[in-house]
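The values are calculated or read from the model by the stated rules, or taken from the named source; none is laboratory data. Because the structure is predicted, anything quoted here is derived from the model rather than measured. Don't worry about glycine lacking a Cβ; one is built from the backbone with ideal geometry, like all the others, and counts go over all protein chains shown.
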Amino acid sequence: MKGIIIKGIGGFYYVKATDGSVTECRARGIFRKNGIKPTVGDEVEFENGSVEKIYDRRSYLIRPSVANIDNLIIVISAANPSPDLLLTDKLTVAAEVSGITPVICINKTDLAEVSEIEEVYRMAGYDVITLSAANCIGTDLLSSKIKGKISAFAGLSGVGKSSILNILSGEDAQTGEVSRINRGKHTTRHVELFQLDDDTFILDTPGFSSLALSDICDVRASELADYYPEFRDCADKCRFKGCSHINEPDCVVKKLLDEKKVALSRYESYKELYGQLKQIKEWEKD
Ligand SMILES: Nc1nc2c(ncn2[C@@H]2O[C@H](COP(=O)(O)OP(=O)(O)OP(=O)(O)O)[C@@H](O)[C@H]2O)c(=O)[nH]1
Ligand SMILES: [Mg+2]
Ligand SMILES: [Zn+2]
């Protein structure tokens, strides 16, 4: 039978089959030998309580360990708490590195003007959804964005992740399970996928908001620009090969910044993250 691992605890994997049933499985020893460990999000074949085959992964996030996430829904709020753009950019980079599509969700638009932040991320090439969960505005668009996909939600405490998830799950509360999303804070000990409908899953509280970039993905300073989509296409046109886009002359990224085609906050976060990654010693990376 084919299914998806929705939870893994102490060597047991809970596999949700296409018919909706959940089976507790063990993994075959062969996976350990290959160095492949089944993980939440994996699409698998299973038989008699044993995971027999793991399909190729579309994406892989190292912390928390989850496979096949399609979207990282990065939630920021217009106010209370005020937007943390460095954290947002850390998350966009981690998503890009892991093969996941970032989607920027600006919540609490009833509290403050957000057009500037919207512009920052539209310019970067990302989908931006503005919402007011308190007034159930904007959730339809988000709902259509995550349909048929596996999406993880991330963002500072208090930005409204649970409020948004409650609205999304309320639209199709086919199982009693979804109400457990409310207990997000208390279930962070393990990672679990929740099913919204036949082919839509969401990941509760990834909880990596306060971590350093190097903790949530493997990236070197010299590669960082590859994960800023608005720099990536022009970066090889800089005068110096391997330009860091910080101090070198004739840098195309800095030219775009001057022309206001790259947002200042994105460039600032790039410099900050570049500096942080530079401090990691080479031997620590392997
Ligand atoms: N004004 C306003 N308040 C909102 C909105 N969405 C959520 N809130 C409020 O913001 C507070 C925090 O919302 P939560 O949904 O608990 O935030 P969270 O991101 O899940 O927070 P953690 O679970 O701590 O990570 C609650 O008091 C919500 O009622 C909104 O669109 N506008
Ligand atoms: Mg919450
Ligand atoms: Zn450059």
Which numbered condition I69 fails, given (1) buried (at least 24 other Cβ atoms within 10 Å of the Cβ); (2) touching a Pro at 6+ places or on another chain (Cβ under 8 Å); (3) not polar (S, T, N, Q): (2)
With the structure loaded, tell me whether Y270 is outside the structural domain of T101 (by TED's automatic domain parsing), within 15 Å of L91 (Cα to Cα), at pLDDT 95 or above and touching an Asp or Glu at 6+ places or on another chain (Cβ under 7 Å) or whether it fails that test. no
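Per-residue answers, yes or no, for (1) under 25 Å from I6 (Cα atoms); (2) outside the structural domain of I6 (by TED's automatic domain parsing); (3) within 16 Å of ligand 2 (Cβ to nearest atom):
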{"position": "K90", "(1), (2), (3)": "no, yes, no"}
{"position": "C105", "(1), (2), (3)": "yes, yes, yes"}
{"position": "A112", "(1), (2), (3)": "no, yes, no"}
{"position": "R122", "(1), (2), (3)": "no, yes, no"}
{"position": "D127", "(1), (2), (3)": "no, yes, no"}
{"position": "S144", "(1), (2), (3)": "yes, yes, no"}
{"position": "A154", "(1), (2), (3)": "yes, yes, yes"}
{"position": "G158", "(1), (2), (3)": "no, yes, yes"}
Based on what the data block shows, is V128 within 15 Å of ligand 1 (Cβ to nearest atom) and surrounded by 14 or more Cβ atoms within 10 Å (Cβ to Cβ)? no
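Find the residue count for region 106-117, including only residues that are under 14 Å from A134 (Cα atoms) and touching a strand residue (DSSP E or B) at 6+ places or on another chain (Cβ under 8 Å).
Selection size over region 106-117: 6.
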State which residue is farthest from ligand 1 (Cβ to nearest atom) when the search covers only region 131-155 and only residues that are of a type in the set (A, V, I, L, M) and buried (at least 19 other Cβ atoms within 10 Å of the Cβ). I150
Yes or no: E52 of a type in the set (D, E) and at pLDDT below 95? yes
Pick out the one residue from R58, R63, R26 that is more than 25 Å from I146 (Cβ to Cβ) and of a type in the set (D, E, K, R). R26
In region 222-264, which residues are of a type in the set (G, A, S) and within 20 Å of the chain's Cα centre (by Cα)? A225
Report yes if I104 is surrounded by 15 or more Cβ atoms within 10 Å (Cβ to Cβ), in a helix (DSSP H, G or I) and in contact (Cβ under 8 Å) with a residue 24 or more places away in the chain, otherwise no. no
Residue pairs qualifying under the 6 Å Cβ cut-off, at least six apart or on distinct chains, with the first in region 232-259 being free of Cβ contacts under 8 Å to residues at least 12 places away in the same chain and under 22 Å from V93 (Cβ atoms) and the second being buried (at least 18 other Cβ atoms within 10 Å of the Cβ) and of a type outside the set (S, T, N, Q), are C243/C251; L257/Y267
